[in-house]
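**Q** Got a structure for you, questions after.
The values are calculated or read from the model by the stated rules, or taken from the named source; none is laboratory data. Only a predicted model underlies this, so the values are computations on that prediction, with no experimental measurement involved. Cβ atoms come from the backbone with ideal geometry, glycine included; neighbour counts cover every protein chain shown. Heads up: the accessible areas ignore ligands, DNA and RNA and are worked out on the full protein's heavy atoms, side chains in. Shrake-Rupley method; radii C 1.70, N 1.55, O 1.52, S 1.80 Å.
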Amino acid sequence: MSTSAERFDERARREASRHGRTVVHRGELLRHPVYTRVLHWLVAIFFVLSLLSGFAVYSPWLFRWLTPLFGGGPTTRLLHPWFGLAFDIFFFFQFLNWFAPMAWTAADRRWLRRLKEYTTNREKFEPEDVGFFNGGQKLYFWAIVVSGLLFLVTGLLMWFDNAVPRAWVAASYVLHDIAALVMLGGFIIHIYEGTAAQPGTFQAMTDGTVSKEWAWTHHPAWYAEVTGRDPRADYERARRQQLEQERAINMERSSSARADEAADERPLPPAP
Ligand code: HEM
């Protein structure tokens, strides 16, 4: 990427961190700074607005339910391209921000080959070469890049349909709808992966931090890079400490239970 884009991104990050804070507690790592989080949620808001207003004008059945949210059919039709434009603009900034960590590598190709193991949760730990983003996250990002471009080009052709040949407009309707359906599928998987599938992930986009345990479990190469430590060794140490703590608690519980039993067995003092 050009250095002027990198310089812009650096400045934007610095500016955003002057207005918002990320508190990293003990045992946590910084995952997403303020700038990334603000962009992510702006993209998400305008994506959902575009999706709802788009499906409202796409399907006669959904029209009845969704258009009242935007003040009726004509306003929904009017607002939809503007929501889409805002989505594309904010995602463009996120693209500049994430371009480098989203570069496709040999580790991502290996990750894709193990997709079945990932989806069936056969392995608790990700392979040691999984960095800041895994292959699935990168695929989602690049699918948004392609869909975002398609939305923009086909959206403009449909918006200014009087100025372009009819065949282009007809093809735009089909491509726009296909991109929307692909994005809907990706969005559903993304919400599941970012919340229920992997506890501790959602916090990355709210507080901006993740626990070290989360990092060495899901992104071991990133954990090694930012801490300079061995993720497996740290996992083993944490596990040993936890087992020791559990053993100490159990011993304390059983010794106080024995003390209670001994007190119960002691003869009662004679009644006065
Ligand atoms: C509204 C519900 C959403 C939730 C709960 C959510 C949650 C998250 C979380 C927790 C992350 C951080 C993952 C990590 O650090 O490993 C993330 C990243 C990301 N989000 Fe979202 N997100 C939502 C909506 C969206 C939307 C609408 C888009 C774009 C259309 C989007 C695009 C991305 C991308 C490209 C990433 C980085 C790659 C990835 O983690 O998949 N998100 N999201």
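**Q** Within the stretch 70-85, can one find any residue that is among the small types (G, A, S), open to solvent by 40 Å² or more (accessible area, probe 1.4 Å) and out of contact with any strand residue (DSSP E or B) (no Cβ under 8 Å at 6 or more places or on another chain)?
**A** yes
**Q** Going residue by residue through the stretch 130-147, is there one that turns out to be within 16 Å of the ligand (Cβ to nearest atom), loosely packed, with under 14 Cβ neighbours inside 10 Å, modelled with pLDDT of 95 or more and farther than 28 Å from D230 by Cβ?
**A** yes
**Q** Might you check whether a residue that is assigned to a helix (DSSP H, G or I), touching a residue at least 60 places away in the same chain (Cβ under 8 Å), more than 21 Å from G136 (Cβ to Cβ) and open to solvent by 90 Å² or more (accessible area, probe 1.4 Å) occurs anywhere in the stretch 228-239?
**A** Scanning the stretch 228-239 turns up at least one residue that is assigned to a helix (DSSP H, G or I), touching a residue at least 60 places away in the same chain (Cβ under 8 Å), more than 21 Å from G136 (Cβ to Cβ) and open to solvent by 90 Å² or more (accessible area, probe 1.4 Å).
**Q** Sticking with this structure for a sec: Has the stretch 179-187 got any residue that is without any contact (Cβ under 8 Å) to a residue 40 or more places away in the chain and touching a Phe, Trp or Tyr at 6+ places or on another chain (Cβ under 9 Å)?
**A** Yes: one or more hits.
**Q** Another question, then. Quick one: which helices (runs of 4 or more DSSP H) lie wholly within the stretch 1-109 and hold at least 1 residues that are under 23 Å from the mean Cα position of the chain (by Cα), more than 16 Å from the ligand (Cβ to nearest atom) and not hydroxyl-bearing (S, T, Y)?
**A** Here the list reads 3-19.
**Q** Among the numbered criteria (1) within 11 Å of the ligand (Cβ to nearest atom); (2) of a type in the set (A, V, I, L, M, F, W, C); (3) open to solvent by less than 80 Å² (accessible area, probe 1.4 Å), which single criterion is violated by W216?
**A** (1)
**Q** Kindly indicate which of H190, H176 is surrounded by 15 or more Cβ atoms within 10 Å (Cβ to Cβ) and either β-branched (V, I, T) or within 11 Å of the ligand (Cβ to nearest atom) (or both).
**A** Criteria check complete, one pass: H190.
**Q** Got a sec? Which of A171, A215, A224, A196 is at pLDDT 95 or above, small (G, A, S) and closer than 19 Å to T119 by Cα?
**A** The unique qualifying residue is A215.
**Q** Taking D161 as the residue in question, decide whether it is in a helix (DSSP H, G or I), more than 12 Å from the ligand (Cβ to nearest atom) and either free of Cβ contacts under 8 Å to residues at least 40 places away in the same chain or of a type outside the set (A, V, I, L, M, F, W, C) (or both).
**A** no
**Q** Which condition from (1) aliphatic (A, V, I, L, M); (2) surrounded by 14 or more Cβ atoms within 10 Å (Cβ to Cβ); (3) within 16 Å of the ligand (Cβ to nearest atom) is the one that L181 breaks?
**A** (2)
**Q** Still on this model: Taking the criterion of being more than 30 Å from K212 (Cβ to Cβ) and open to solvent by 20 Å² or more (accessible area, probe 1.4 Å), would at least one residue in the stretch 91-98 satisfy it?
**A** Checked the stretch 91-98: at least one residue is more than 30 Å from K212 (Cβ to Cβ) and open to solvent by 20 Å² or more (accessible area, probe 1.4 Å).
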